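Here's the structure we're looking at; comments come further down.
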Amino acid sequence: MPTRADVSAVPHQGGYIAKYCPARAQYDVLKPAALLEPSAAVQRRMDRGNAFEADVVAALTDLHPEAVTIGGDDSAERERATVAAMEAQASLILNSRLPADETGRRVGKPDLLVKAALGGYRAIDIKHHLTLEPGEGARTSALDQLGLEQATADDATQGRKHKGDLLQLAHYQRMLEAAGFAARDGRHGGIIGVERSVVWHDLDEPRWNTPSSTGKQKKRSTMEIYDFEFDFRLDIMAVAERHLIEPSTDLLVIPFRKPECDACPWWGFCRPQLETGSGHPSLIPRMKWEHWVAHRDRGVTDRAALAALDPLTARLVSAGVRLDDVMPIARDLPVDTPLANIAPLGKRRKQLQTLEAEGVTTARQLAALDERTASYPAMSGLAEQVDCARAALGSEPVYRRRGVERVTVPRGDVEIDVDMENVEDGVYLWGVLVADGYRPFVTWALEPASEIEVFRAFWAWLMDQRANARTFRAYCWHEQAENLQMRRIGAAAGLTDEVEAFIGSDEWVDLRKVFDGQLISGQGSGLKSVAPLAGFAWDVDEPGGDESMVRYDLAAGGDEGARAWLLDYNRGDVEATRAIRAWMRARAFPALS
């Protein structure tokens, strides 16, 4: 990154800023338009999170009568009270406010501060979501024995990688260090989720795959990621402050489409900019920031320019073939020179095989590749992005992928579509669609016991259908969600081996993978995006996961209309997968050019 900006005038920032989109940090300074009001789903998430936090804090207060609770609304007074409690060696501090970090421009309010055995404190935050998943290696401690020293290792679960949660913990860690109150034995922080235990994370553990200067992926720690992201946003805000005074100052970032955009208060301002003309490259599914930088540096600043790149050259770049140093050599050789006789390629046997597999066997063919496309660094997703851009701007809504002559979908004598619905506390509904109609397995009083009971009923029914079929297929859309929940609840229900055997069989079909492996639309492959292409429409208004969360709260409170909506919504999801299956089998899709 260029020389750091002078951030001394930037207001102190809390723990959320490091996980926000860089453009959001910029527009929080510029305020270029009216903010969007939080959607009902976003407001619900905040309200439920606050209620959950209050409930956990009340439980902790009962379990730890010695705990110090910091009260009052005055920030400076709360900081002084927190420092006094830490100086007094309080074992547990609730509702704390750490002293402002003037140099780092940080403020922070960790939900809990827990004294470490060797001195200093560790931060714990409370989050209203699951914090564990099947695996091994989780270090957890009970609410009555909060410390890392009391944590035990679990060979059946692992901590879920909520990056935003860990970045907040890193923020508090830096504040504790700046104030001289950090634990002396390593950098660790904890999250209390709906499981109501502390899940501990080593903030120095390399765990996040990020680009490196070599073009390859490198694992970096949470602290490393946090330091970069927080400092970057301070620079962005400092330059934005200068831009307000001197409009000739160029801003550091432009809008970039990310999954969290829909919930951002500045989306109403960013969206029109991204969608102008042929559309920003980040509208392509799974586009990463480092991909956009590579495109921008080559003048590829919209989807039309991306679609104009050469598909063959892009495939070679995506496969790791280095072209920039051999194409100039090839231009000066006799046209029929074999590639193996070109000195650099002679030592790159794997790359040579890739070229030959793509039909590039002579110097003339190598020299004819597209120079602009060949200038990209090793970038595994380049060919996919070029094809997505072509599909998005094409005259047809969906195309066959290159090399796919005929679209196929796995068949069975018995075919069942499956979809689950969940909230932060777990899964309340497993819905299935069979030949004779829709069947839900549901509870409106979601607790660990009722979640297991509903899953057992669903599982017994599904396995019975499977046992009585000659050939069997169960379909879902994006198995990652269903698999996670089946593994988690299956472990609690004593069904781990059965669940793993089923998930690993060819009888469990992720229809999204079947679609993505053969078809491309350029618009993403979420169920709500693909089903309309197949002519399917839900019977409920505003179908979507966010709306279902809002409706679930009403349903759990006894609202029959909300319960009916959720059942109709879930029925629509499984009917949508069936409609997509039929569409994929029946339609002759055009080839992508």
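Entry remark, region 355-377: residues being in a helix (DSSP H, G or I) and either over 14 Å from V335 (Cβ atoms) or outside the structural domain of T337 (by TED's automatic domain parsing) (or both) number 7 in total.
If we keep just the residues of region 269-287 that are in a loop (DSSP other than H, G, I, E, B) and without any contact (Cβ under 8 Å) to a residue 40 or more places away in the chain, which is surrounded by the most Cβ atoms within 10 Å (Cβ to Cβ)? Give the derivation first.
Of the residues in region 269-287, the ones in a loop (DSSP other than H, G, I, E, B) are 276-280, 284-287.
Okay, now just the ones that are also without any contact (Cβ under 8 Å) to a residue 40 or more places away in the chain, so 276-277, 280.
Numbers: T276: 10, G277: 9, H280: 23.
Filtering region 269-287 for residues that are in a loop (DSSP other than H, G, I, E, B) and without any contact (Cβ under 8 Å) to a residue 40 or more places away in the chain, the one surrounded by the most Cβ atoms within 10 Å (Cβ to Cβ) comes out as H280.
For region 82-106, the set of residues classified as surrounded by fewer than 19 Cβ atoms within 10 Å (Cβ to Cβ) and more than 11 Å from I70 (Cβ to Cβ) consists of E87, A88, Q89, S91, A100, E102, T103, listed by residue number.
If a residue must be in contact (Cβ under 8 Å) with a residue 24 or more places away in the chain and out of contact with any helix residue (DSSP H, G or I) (no Cβ under 6 Å at 6 or more places or on another chain), how many such residues does region 144-153 contain?
The qualifying residues number 5.
Checking each residue in region 499-524 for being over 22 Å from D413 (Cα atoms) and surrounded by fewer than 21 Cβ atoms within 10 Å (Cβ to Cβ) picks out E500, D516, G517, Q518, S521, Q523, G524.
The rows are residues; the columns are (1) at pLDDT below 95; (2) closer than 30 Å to P32 by Cβ.
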{"residue": "I192", "(1), (2)": "no, no"}
{"residue": "H201", "(1), (2)": "no, no"}
{"residue": "D204", "(1), (2)": "no, no"}
{"residue": "R207", "(1), (2)": "yes, no"}
{"residue": "K216", "(1), (2)": "yes, no"}
{"residue": "Y226", "(1), (2)": "no, yes"}
{"residue": "F230", "(1), (2)": "no, yes"}
{"residue": "R233", "(1), (2)": "no, yes"}
{"residue": "I236", "(1), (2)": "no, yes"}
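Working only within region 1-34, note down all residues that are more than 21 Å from the chain's Cα centre (by Cα) and either within 20 Å of D546 (Cα to Cα) or part of a helix (DSSP H, G or I) (or both).
Here is the first cut: in region 1-34, the residues more than 21 Å from the chain's Cα centre (by Cα) are 1-14, 26-34.
Scanning region 1-34 gives Q26, Y27, D28, V29, L30.
Among the candidates A314, A294, A319, A308, single out the residue that is free of Cβ contacts under 8 Å to residues at least 24 places away in the same chain, of a type in the set (A, V, I, L, M, F, W, C) and over 18 Å from Q26 (Cα atoms). It would help to see each step written out before you state the result.
Values: A314 fails: free of Cβ contacts under 8 Å to residues at least 24 places away in the same chain; A294 fails: free of Cβ contacts under 8 Å to residues at least 24 places away in the same chain; A319 fails: free of Cβ contacts under 8 Å to residues at least 24 places away in the same chain.
That would be A308, the only listed residue that is free of Cβ contacts under 8 Å to residues at least 24 places away in the same chain, of a type in the set (A, V, I, L, M, F, W, C) and over 18 Å from Q26 (Cα atoms).
Report whether or not A117 is in a strand (DSSP E or B) and among the aliphatic types (A, V, I, L, M).
Numbers: in a strand (DSSP E or B): no; among the aliphatic types (A, V, I, L, M): yes.
Judged against the criteria, A117 is not a match.
Output the residues belonging to region 307-356 that are under 30 Å from G277 (Cα atoms) and out of contact with any Lys or Arg (no Cβ under 6 Å at 6 or more places or on another chain). Can you show your working first?
Taking region 307-356 first, the residues under 30 Å from G277 (Cα atoms) are 307-318.
Matches in region 307-356: A308, L309, D310, P311, L312, T313, A314, R315, L316, V317, S318.
Matching residues to (1) within 18 Å of A368 (Cα to Cα); (2) in a helix (DSSP H, G or I):
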site: H295; (1), (2): no, yes
site: G299; (1), (2): no, no
site: L312; (1), (2): yes, yes
site: A340; (1), (2): yes, yes
site: K350; (1), (2): no, yes
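For region 449-458, check the following and say yes or no: at least one residue is touching a Leu at 6+ places or on another chain (Cβ under 9 Å), at pLDDT below 95, charged (D, E, K, R) and surrounded by fewer than 20 Cβ atoms within 10 Å (Cβ to Cβ). Looking for residues that are touching a Leu at 6+ places or on another chain (Cβ under 9 Å), at pLDDT below 95, charged (D, E, K, R) and surrounded by fewer than 20 Cβ atoms within 10 Å (Cβ to Cβ), one finds none in region 449-458, hence no.
Residue count for region 331-359 satisfying the condition of being crowded, with 19+ Cβ neighbours inside 10 Å and either at pLDDT 95 or above or closer than 19 Å to S380 by Cα (or both): 3. If you go through region 318-330 and keep only what is part of a helix (DSSP H, G or I) and within 26 Å of the chain's Cα centre (by Cα), you end up with just S318. Kindly establish whether V386 is farther than 30 Å from A445 by Cβ and in a loop (DSSP other than H, G, I, E, B). Here the answer is no, as V386 does not meet what is asked.
Residues considered: D125, D165. Of these, the only one that is in a strand (DSSP E or B), charged (D, E, K, R) and under 22 Å from I225 (Cα atoms) is D125.
Against the condition out of contact with any helix residue (DSSP H, G or I) (no Cβ under 6 Å at 6 or more places or on another chain) and part of a helix (DSSP H, G or I), how does E79 come out, does it pass? Full working, then the answer.
Details: out of contact with any helix residue (DSSP H, G or I) (no Cβ under 6 Å at 6 or more places or on another chain): yes; part of a helix (DSSP H, G or I): yes.
Taking the combined requirement at face value, the residue satisfies it.
Looking at the structure I just gave you, is E560 touching a helix residue (DSSP H, G or I) at 6+ places or on another chain (Cβ under 8 Å) and either surrounded by fewer than 19 Cβ atoms within 10 Å (Cβ to Cβ) or not aromatic (F, W, Y) (or both)?
Details: touching a helix residue (DSSP H, G or I) at 6+ places or on another chain (Cβ under 8 Å): no; either surrounded by fewer than 19 Cβ atoms within 10 Å (Cβ to Cβ) or not aromatic (F, W, Y) (or both): yes.
So E560 fails the test.
Looking at the structure I just gave you, is L251 at pLDDT 95 or above and either of a type in the set (F, W, Y) or closer than 16 Å to A25 by Cβ (or both)? Write out each step before concluding.
Working: at pLDDT 95 or above: yes; either of a type in the set (F, W, Y) or closer than 16 Å to A25 by Cβ (or both): yes.
Considered against the rule, which asks whether it is at pLDDT 95 or above and either of a type in the set (F, W, Y) or closer than 16 Å to A25 by Cβ (or both), L251 comes out as yes.
The values are calculated or read from the model by the stated rules, or taken from the named source; none is laboratory data. Everything numeric here is computed off the predicted structure, so don't read it as measured data. Cβ: placed from backbone, ideal geometry, glycine included. Neighbour counts: every protein chain shown.
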